[in-house]
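Have a look at the structure below before the remarks.
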Amino acid sequence: MILLELLIGFLKIGFFSFGGGYGAIPLIRETALSYGWMTEEKLAYMIAVSESTPGPIMVNMATYIGSDKAGVTGAAIATAAVVLPAFLIVIILTAALKELIKKDAARCTLEALTACVTGVILATGVYMALINCADILSAISFDGTATVLTLLLGVFYFGSKKIVKNGVSPIVLICVSGIAGAIVFGV
Amino acid sequence: MRALIDLFLTFSKIGTFTFGGGYAMLSLIERTCVEKKRWITHDEMMQITVIAESTPGPIAINCATYVGLKKKGTAGALAATLGVILPSFLIILLISFYLDRFLEIEWAANAFRGIKIAVGILIIDAAVKMIRKMKKDPLSVFILSISFLSVMLINVFALRVSTIVLMLASAGIGLGVYLFKRRKEKEERK
């Protein structure tokens, strides 16, 4: 049953996503692909929409996937499920956590966890960038246009950090890439 | 009741005007709840930020729940959390009804092929920022490399291994190494 799947899937995401919105993306992607909720393609679009609309990325993705799979009810269930763990942790555990995070054991555990999440996010980003350029498994379908555009946009985004403080914002990058895509893939 | 409505409205305003996820929201929460409304102190804000970063879930939710709880108990927590979620919930709901139809337009589909490239770059950027902030002791670098390689392999060969397993293993290794070091230190002191 889809509503139950959404509930369990997003509870799991809400409970295991460390490191903010981007920390949740690998987990949401993995969950959505394994339940067959979405294609890789649509998931990438959804991340872009979540980034360009207000609100926490995790909440936006939950709302979208829930609505896509089971309408307004699905959206409400997925959204409630993704925020519930954080909500309960603050209500029940804040006092205990204030003491716990000062402990060396907790600090070491969290440092290792952060290192792992960082590696997971990096691999997800690199993989998602690579599959635009070539189908890695077959290694035959190489998309030259997409590869060139990836390199140009990468240089534009990371290069802007050298010129302006903090570089251009994600929304600017999304707009520029959208316009570039419409032109380059349109002709 | 008025305090609850105030919490709800304040947080829906925060939810409406922050783009780019939780971290962008933190500065607005600080400005509103610490400087303007004086609901919590600056120290509390720092503390809740650290807790939000070390616990799972959206960072903005941790903060909203904490401020609401502090101000008006569980009802307050609920009002603040609902407030911060509701604007984006409604916006995304609306978009979700139309995105598929929008993508049938040829130029829009092409634009989204470009945007897909931007998404990869943004995720890499998020990871790079985390690497800069991270402590680079040998253990962290080792865990990062192994996690990176594992997830690449999982993706390329479409393996059904959850990253949750990697996360639990890493946390276990971190705690294990700490306990091992502490025991060795104690033995040396004897």
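The sole residue among B:Lys135, B:Lys186 that is closer than 23 Å to A:Cys108 by Cβ, part of a loop (DSSP other than H, G, I, E, B) and without any contact (Cβ under 8 Å) to a residue 40 or more places away in the chain is B:Lys135. Just wondering, is there one or more residues in segment A:107-117 that are surrounded by fewer than 18 Cβ atoms within 10 Å (Cβ to Cβ), facing another protein chain (nearest Cβ under 8 Å) and either of a type in the set (Gly, Ala, Ser) or free of Cβ contacts under 8 Å to residues at least 12 places away in the same chain (or both)? No, segment A:107-117 has no match at all. Identification of helices (runs of 4 or more DSSP H) wholly contained in segment B:18-117 with 3 or more residues that are on the phi < 0 side of the Ramachandran plot and of a type in the set (Phe, Trp, Tyr) yields B:59-103. Of all the residues in segment A:88-99, those that are closer than 14 Å to B:Lys70 by Cβ and within 7 Å of chain B (Cβ to nearest Cβ) number 4. For segment A:94-105, the count of residues that are surrounded by fewer than 21 Cβ atoms within 10 Å (Cβ to Cβ), more than 29 Å from B:Val141 (Cα to Cα) and in contact with a helix residue (DSSP H, G or I) (Cβ under 8 Å, 6 or more places away or on another chain) is nonzero. When segment B:154-168 is limited to residues that are out of contact with any Ser or Thr (no Cβ under 9 Å at 6 or more places or on another chain) and surrounded by 13 or more Cβ atoms within 10 Å (Cβ to Cβ), the one that is nearest to A:Leu130 (Cα to Cα) turns out to be B:Val156.
For segment A:162-171, how many residues are within 10 Å of chain B (Cβ to nearest Cβ) and either within 17 Å of A:Ile47 (Cα to Cα) or over 22 Å from the mean Cα position of the chain (by Cα) (or both)? Full working, then the answer.
Just the residues of segment A:162-171 that are within 10 Å of chain B (Cβ to nearest Cβ), to begin with: A:167, A:169-171.
Keeping just the survivors that are either within 17 Å of A:Ile47 (Cα to Cα) or over 22 Å from the mean Cα position of the chain (by Cα) (or both) gives A:169-171.
Within segment A:162-171, residues that are within 10 Å of chain B (Cβ to nearest Cβ) and either within 17 Å of A:Ile47 (Cα to Cα) or over 22 Å from the mean Cα position of the chain (by Cα) (or both) number 3.
Kindly evaluate B:Ser145 against the criterion of being facing another protein chain (nearest Cβ under 8 Å), more than 30 Å from A:Lys42 (Cβ to Cβ), surrounded by fewer than 16 Cβ atoms within 10 Å (Cβ to Cβ) and modelled with pLDDT of 90 or more. Give the derivation first.
Values: facing another protein chain (nearest Cβ under 8 Å): yes; more than 30 Å from A:Lys42 (Cβ to Cβ): yes; surrounded by fewer than 16 Cβ atoms within 10 Å (Cβ to Cβ): yes; modelled with pLDDT of 90 or more: yes.
When the stated conditions are applied, B:Ser145 passes them.
Go through (1) surrounded by fewer than 18 Cβ atoms within 10 Å (Cβ to Cβ); (2) over 20 Å from B:Pro87 (Cβ atoms) one by one and return the number of the condition B:Ile48 breaks. Of the numbered conditions (1) surrounded by fewer than 18 Cβ atoms within 10 Å (Cβ to Cβ); (2) over 20 Å from B:Pro87 (Cβ atoms), the odd one out for B:Ile48 is (1).
Given the criterion buried (at least 24 other Cβ atoms within 10 Å of the Cβ), under 25 Å from A:Val90 (Cα atoms), modelled with pLDDT of 90 or more and not basic (Lys, Arg), identify the matching residue among B:Gly68, B:Gly114. Don't jump to the end; show me each part of the working.
Working: B:Gly114 fails: under 25 Å from A:Val90 (Cα atoms).
That would be B:Gly68, the only listed residue that is buried (at least 24 other Cβ atoms within 10 Å of the Cβ), under 25 Å from A:Val90 (Cα atoms), modelled with pLDDT of 90 or more and not basic (Lys, Arg).
Among the residues of segment A:158-172, is there at least one that is of a type in the set (Val, Ile, Thr), free of Cβ contacts under 8 Å to residues at least 60 places away in the same chain, in a helix (DSSP H, G or I) and in contact with a Lys or Arg (Cβ under 9 Å, 6 or more places away or on another chain)? For segment A:158-172, residues of a type in the set (Val, Ile, Thr), free of Cβ contacts under 8 Å to residues at least 60 places away in the same chain, in a helix (DSSP H, G or I) and in contact with a Lys or Arg (Cβ under 9 Å, 6 or more places away or on another chain): absent.
For B:Asp100, the criteria (1) surrounded by 19 or more Cβ atoms within 10 Å (Cβ to Cβ); (2) modelled with pLDDT under 90 hold in every case but one, which is (1).
Would you be able to say whether some residue in segment A:126-138 is part of a helix (DSSP H, G or I), under 30 Å from B:Ala171 (Cβ atoms) and small (Gly, Ala, Ser)?
Scanning segment A:126-138, I find at least one residue that is part of a helix (DSSP H, G or I), under 30 Å from B:Ala171 (Cβ atoms) and small (Gly, Ala, Ser), so the answer is yes.
The values are calculated or read from the model by the stated rules, or taken from the named source; none is laboratory data. These figures come from a predicted structure and were not determined experimentally. Cβ sites come from the backbone with ideal geometry, for glycine too, and all protein chains shown count toward neighbours.
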